[in-house]
Amino acid sequence: MLCIPPTQDDDIASNVLAAAAELCERRRAMLIVDPPKDWKTVTKARNDFGTDAQNLPRTRNAAVFFP
């Protein structure tokens, strides 16, 4: 299992998430991702989930947890 917490001021960079997701796929591990900081409501999370704007990894080896 791999968990990369965001910094206090910013979300995790998309290139870091992509590299982490690739590593987890190769190693048969699971990546735990914190939601983007702008997800303040369930509606916002529901509307933004799966959009390219969020740069979340799309792999069966990653999970996003909200809230």
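The values are calculated or read from the model by the stated rules, or taken from the named source; none is laboratory data. Everything numeric in this text was worked out from a predicted model, so none of it was measured. Cβ: placed from backbone, ideal geometry, glycine included. Neighbour counts: every protein chain shown. The area values use the complete protein model at the heavy-atom level, side chains included, leaving out ligands, DNA and RNA. Shrake-Rupley method; radii C 1.70, N 1.55, O 1.52, S 1.80 Å.
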Worksheet item: What is the extension gain from Arg60 to Val16, computed as 0.36 nm multiplied by their sequence separation minus the C-alpha to C-alpha distance, in nm to one decimal?
Response: 14.1 nm
Practice prompt. Leaving out ligands and nucleic acids, note down the accessible area per residue over the chain with a 1.4 angstrom probe, in whole Å².
Written response: 73 Å²
Worksheet item: Between Thr41, Pro6, Phe66, whose Cα lies farthest towards the positive end of the dipole of the chain when Lys and Arg beta carbons carry +1 and Asp and Glu beta carbons carry -1, centred on the Cα centre?
Response: Phe66
Worksheet, complete the sentence: Taking Lys and Arg as +1 and Asp and Glu as -1, residues besides Ala62 with C-beta under 14 Å from its C-beta add up to +2
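Grab the other residues whose beta carbon is less than 13 angstrom from that of Ala29, score K and R as +1, D and E as -1, and report the net.
Once all neighbours under 13 Å are counted, the net charge is +2.
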